[in-house]
Number of protein chains: 2
Amino acid sequence: MKKYYNPKKDNWASICERPLFDNTQIKKIVNDVFDNVKVNGDKALIQYTKKFDNIDLKEISFDLERIDISEIDINPELKESIDNAFNNIYKFHESQLFVSKKIETSKEVFCWQDKRPIENVGLYIPGGTAPLFSSVLMLAIPAMIAKCKKVILCTPPKKNGDINKAILYSAKLCNVNTIINIGGAQAIAAMSLGTKNVPKVNKIFGPGNQYVTSAKLNSIDYNTAIDMPAGPSELLVLADSKANPDYVASDLLSQAEHGPDSQVILVSLCKALIEKVEKSLKNQSKKLDRIDFINKSISNSKLIYFENKEEAVEFINEYAPEHYIINVEDETYFIENLVNAGSVFIGNYTPESAGDYASGTNHTLPTNRNAKQYSGVNLDSFMKTITFQKISKKGLINISKTVETMAEAEGLQAHKNAVTIRINDIKNE
Amino acid sequence: MKKYYNPKKDNWASICERPLFDNTQIKKIVNDVFDNVKVNGDKALIQYTKKFDNIDLKEISFDLERIDISEIDINPELKESIDNAFNNIYKFHESQLFVSKKIETSKEVFCWQDKRPIENVGLYIPGGTAPLFSSVLMLAIPAMIAKCKKVILCTPPKKNGDINKAILYSAKLCNVNTIINIGGAQAIAAMSLGTKNVPKVNKIFGPGNQYVTSAKLNSIDYNTAIDMPAGPSELLVLADSKANPDYVASDLLSQAEHGPDSQVILVSLCKALIEKVEKSLKNQSKKLDRIDFINKSISNSKLIYFENKEEAVEFINEYAPEHYIINVEDETYFIENLVNAGSVFIGNYTPESAGDYASGTNHTLPTNRNAKQYSGVNLDSFMKTITFQKISKKGLINISKTVETMAEAEGLQAHKNAVTIRINDIKNE
């Protein structure tokens with residue numbers, strides 16, 4: 001753990017730095033994957049799965065419409081928890097539905113926005129150490145509310161080729177149409193280019209390793225949008241003497257267990273709290289399973305003391321955390337002055353893990369300073385905004401001189417003429 | 001002009017195809033530009049301006065705070081038109097301001113969204129045949145309403161190094177902070193990487209040629225977001241016997257004058273109208289200045305007849321036009337069934353050029369089928385959505401079992417523990 005007391009602004013950039021990866025080699029591999037999938041389609045997907053996952057795939061695509069949700073064999077307690085989480089996530093994302101309103105910008109010139117679903121979306125759910133069915137809920141529920149026409153989900157296969165029951169149940173609950181048993185850069189290439197068994201999608205969502213992230217960036221070249229560039233997960237906790245140090249430590253540990261490159265930061269307005277949190281981290285971590293990840297992340301973690309809150313808030317905005325716990329007396333000050341963060345958790349009883357699973361907010365969030373320019377996934381991520389305008393004869397007369405003058409000044413005579421030809425007719429009526 | 005009568009679905013993909021560019025060579029050049037700007041900063045920018053624009057730049061950056069708007073020498077009629085357009089665009093984009101609402105997803109579990117400005121934004125305004133001051137309004141007005149902290153505008157210099165007065169006036173009117181006298185891929189590289197005179201921005205907006213577009217895609221690798229990948233401009237007009245053929249022709253011509261690669265499509269539900277529009281195109285185009293561009297675009301244009309409206313609407317959604325004029329009797333049917341378009345213009349008296357300049361809607365829109373997955377620029381483009389949550393003791397008890405069960409099933413014990421440690425305390429109180 002590194003400790004900083006009132007660090008000078010000159011040092012903030014280095015404190016805020018995330019681990020840098022040289023992805024030149026990865027980019028090359030991902031380019032080859034795209035080229036191969038473009039030419040060989042499903043054959044390439046089967047070959048990569050054999051090569052990277054050592055699995056002989058018989059079927060790539062699993063049609064969820066074929067099965068009945070009641071037939072999925074899942075532990076009843078887990079089923080109930082997934083159902084509860086579903087309800088909260090659904091409720092929060094449904095509240096984000098857009099209500100269109102017509103604006104009369106000039107007399108009889110009406111403009112409005114409306115939203116439409118992105119028709120075909122692809123969700124990527126990483127494999128790794130555990131089946132991340134919670135990410136299925138986070139991506140498929142807003143797709144369901146947005147009424148996307150086709151939702152496909154790519155996830156690396158299990159060794160025996162089966163699909164994990166919790167993933168299957170969550171996907172079926174959210175009306176996912178098809179599960180594709182493919183992971184890695186080849187899954188992203190397939191969804192971006194389309195193959196015989198994998199439909200081309202308009203937008204790709206979801207987290208993944210550096211290959212997946214690089215492939216998502218590549219897919220933009222093929223008319224595919226992405227939710228955001230993703231990196232290792234992060235948590236910044238802001239605390240003062242009001243915060244319970246054991247709770248703060250438990251939150252930092254929950255972030256640290258994600259992986260050895262997880263980012264864990266404590267910003268404290270109270271020196272004594274830092275010592276207490278440090279002690280609690282040692283005590284609590286002894287009892288945890290993923291101790292290797294935790295030791296690695298915690299050894300890279302940063303504990304930072306600021307004696308004034310103005311500097312603290314400025315530093316936090318510079319860091320732009322993915323997850324941000326505000327656990328201080330004067331929480332209003334920090335909420336009002338917050339500019340850059342993904343998702344915010346307020347008070348002693350709002351641990352990050354509540355939002356990771358069940359409070360209702362989305363857990364697909366911008367990392368690596370991207371909270372400065374990206375939003376987390378929300379209902380809007382699955383829709384496009386379209387503008388509409390309708391102008392009456394009178395309305396067109398009202399803005400005609402403005403349009404004609406501006407078009408002429410930009411040297412666009414035919415633009416001007418499209419107005420003039422109508423105005424001449426109206427005048428001669 | 002190519003004409004199609006009830007084209008079969010097998011042919012739609014080729015009809016919808018936009019001109020394809022091989023950008024392999026451009027990508028290489030743009031990579032070199034990024035490398036050069038990264039190492040040599042402003043020096044590289046000055047060298048490129050000498051090389052590509054043949055101009056010796058003395059100053060790169062022009063601080064708009066130094067000047068008073070009343071001192072800008074601009075034709076009063078043009079000034080009044082820009083002011084009128086400003087008012088309409090401002091009014092429409094201001095109506096897009098977000099109103100936050102708290103949602104109680106479970107008892108005493110409160111979740112809400114709020115928006116914050118993207119702090120530093122960069123606007124790119126292409127040079128070319130005319131000063132596109134209208135694009136300054138379209139990008140800088142929403143930045144102003146969003147309260148972005150720093151707005152910088154890059155545009156290629158005039159031969160004498162001066163800044164066009166209409167661009168200067170529009171930029172000052174919208175509180176742009178700095179104008180940078182640099183164009184092309186080097187301008188995008190500078191805003192993405194930052195140099196001594198060009199601040200690094202969080203997001204880059206605006207149209208441009210293939211070099212600019214390729215550079216914008218490159219900038220994503222450097223923690224910079226972009227509005228959208230842009231391509232040549234497009235218009236699809238849907239018309240039936242109710243539409244005035246001269247108006248339809250004038251709209252198609254206004255699109256055709258943009259450049260030789262502009263896309264112009266007429267979908268007609270009436271065969272006779274196609275002939276009338278064709279005749280009117282010939283008559284009107286004779287009187288227009290940019291006849292070379294127009295002849296080229298019109299010769300590539302497509303006139304398509306559909307006898308049933310279901311097929312027409314399906315085709316239009318497949319084409320996903322940037323600009324879409326609905327000029328038919330049953331406009332409601334086509335509005336309700338529309339899924340993919342950038343901006344929609346309804347009726348005989350709503351020419352595209354109204355929205356290009358002054359109705360209030362934004363003219364920075366997705367081209368090249370990107371309307372399937374991207375929105376046009378709007379107020380939200382200049383903001384991020386942040387989620388917040390606050391849970392009481394009672395609220396945490398309500399969702400604790402759900403979180404604990406799911407965390408355990410995902411093998412994330414420390415996530416579970418962050419809830420358990422709090423619940424144990426609450427139970428012991």
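The values are calculated or read from the model by the stated rules, or taken from the named source; none is laboratory data. These numbers were taken from a predicted model, which means no experiment stands behind them. Heads up, the Cβs are rebuilt from the backbone with ideal geometry, glycines too, and the neighbour counts pull from every protein chain shown. Areas reflect the complete protein model, heavy atoms only, side chains present, ligands, DNA and RNA absent. Shrake-Rupley method; radii C 1.70, N 1.55, O 1.52, S 1.80 Å.
Each residue in region B:396-429 was checked for being closer than 21 Å to B:K107 by Cα and free of Cβ contacts under 8 Å to residues at least 12 places away in the same chain, and 10 pass. Could you grab me the full set of residues in region B:285-339 that are farther than 14 Å from B:Q263 by Cβ and small (G, A, S)? Residues satisfying the conditions are B:S285, B:A312. Name every residue in region A:87-120 that is in a loop (DSSP other than H, G, I, E, B) and within 8 Å of chain B (Cβ to nearest Cβ), in order of residue number. Correct list: A:S95, A:Q96, A:K101, A:I118, A:E119. Residue under question is B:E278, and the condition is that it be within 25 Å of A:K147 (Cα to Cα) and in the same structural domain as B:L238 (by TED's automatic domain parsing); does it hold? Spelling it out, it is not the case that B:E278 is within 25 Å of A:K147 (Cα to Cα) and in the same structural domain as B:L238 (by TED's automatic domain parsing). Taken together, the residues in region A:247-288 that are open to solvent by less than 10 Å² (accessible area, probe 1.4 Å), in a helix (DSSP H, G or I) and away from every other protein chain (no Cβ under 14 Å) amount to 2. Evaluate region B:98-115: report whether one residue or more is under 25 Å from the mean Cα position of the chain (by Cα), surrounded by 19 or more Cβ atoms within 10 Å (Cβ to Cβ) and over 29 Å from A:T402 (Cα atoms). Yes, region B:98-115 contains a residue that is under 25 Å from the mean Cα position of the chain (by Cα), surrounded by 19 or more Cβ atoms within 10 Å (Cβ to Cβ) and over 29 Å from A:T402 (Cα atoms). Inspection of region B:141-162 finds no residue satisfying the criterion of being charged (D, E, K, R), touching a residue at least 60 places away in the same chain (Cβ under 8 Å) and assigned to a helix (DSSP H, G or I). Scanning region B:154-176 for residues that are on the phi > 0 side of the Ramachandran plot and either open to solvent by less than 20 Å² (accessible area, probe 1.4 Å) or at pLDDT below 90 (or both) returns a single hit, B:G161. Among the residues of region B:47-65, those that are open to solvent by less than 80 Å² (accessible area, probe 1.4 Å) and within 16 Å of B:I179 (Cβ to Cβ) comprise B:T49, B:D53, B:I55, B:L57, B:I60, B:S61, B:F62, B:D63, B:L64. When residues in region A:74-86 are screened for being at the interface with another protein chain (Cβ under 8 Å from one of its Cβ atoms) and within 19 Å of B:K102 (Cα to Cα), 1 of them pass. Taking the criterion of being of a type in the set (V, I, T) and touching a residue at least 60 places away in the same chain (Cβ under 8 Å), the residues of region A:61-113 that qualify are A:I67, A:I69, A:I72, A:I74, A:I82, A:I89, A:V109.
Scanning region A:390-400 for residues that are within 7 Å of chain B (Cβ to nearest Cβ) and in contact with a helix residue (DSSP H, G or I) (Cβ under 8 Å, 6 or more places away or on another chain) yields A:I391, A:K393, A:L396, A:I399.
Considering only region A:37-79, state which residues are among the hydrophobic types (A, V, I, L, M, F, W, C), part of a helix (DSSP H, G or I) and more than 17 Å from A:V136 (Cβ to Cβ).
First, pick out the residues of region A:37-79 that are among the hydrophobic types (A, V, I, L, M, F, W, C): A:37, A:39, A:44-46, A:52, A:55, A:57, A:60, A:62, A:64, A:67, A:69, A:72, A:74, A:78.
When the remaining residues are screened for being part of a helix (DSSP H, G or I), the result is A:37, A:39, A:44-46, A:52, A:64, A:69, A:78.
Within region A:37-79, A:V37, A:V39, A:A44, A:L45, A:I46, A:F52 meet the criteria.
All of (1) touching a strand residue (DSSP E or B) at 6+ places or on another chain (Cβ under 7 Å); (2) within 11 Å of chain B (Cβ to nearest Cβ) hold for A:N244 with one exception: (1). Within region B:368-398, being within 26 Å of A:P321 (Cα to Cα) and basic (K, R) holds for B:K384, B:K390, B:K393. Taking the criterion of being open to solvent by 60 Å² or more (accessible area, probe 1.4 Å) and among the β-branched types (V, I, T), the only residue of region A:289-337 that qualifies is A:T332.
Being polar (S, T, N, Q) and crowded, with 23+ Cβ neighbours inside 10 Å is a property that B:S81 has.
Taking region A:219-232 as the range and being over 26 Å from A:C16 (Cα atoms), open to solvent by 30 Å² or more (accessible area, probe 1.4 Å) and of a type outside the set (D, E, K, R) as the test, the residues that pass are A:Y222, A:N223. Out of B:N378, B:N348, B:N428, one residue alone is more than 7 Å from chain A (Cβ to nearest Cβ) and at pLDDT 95 or above. It is B:N348. Selection of region B:137-147 for residues being open to solvent by 10 Å² or more (accessible area, probe 1.4 Å) and either charged (D, E, K, R) or closer than 15 Å to B:D227 by Cα (or both) yields only B:K147.
Check B:T387, B:T405, B:T367 and return the single one that is farther than 21 Å from A:G347 by Cβ and at the interface with chain A (Cβ under 7 Å from one of its Cβ atoms).
On the way: B:T387 fails: farther than 21 Å from A:G347 by Cβ; B:T367 fails: at the interface with chain A (Cβ under 7 Å from one of its Cβ atoms).
Exactly one of B:T387, B:T405, B:T367 is farther than 21 Å from A:G347 by Cβ and at the interface with chain A (Cβ under 7 Å from one of its Cβ atoms), namely B:T405.
The single condition among (1) in contact (Cβ under 8 Å) with a residue 60 or more places away in the chain; (2) farther than 24 Å from B:D221 by Cβ; (3) open to solvent by 30 Å² or more (accessible area, probe 1.4 Å) that B:I29 does not satisfy is (2).
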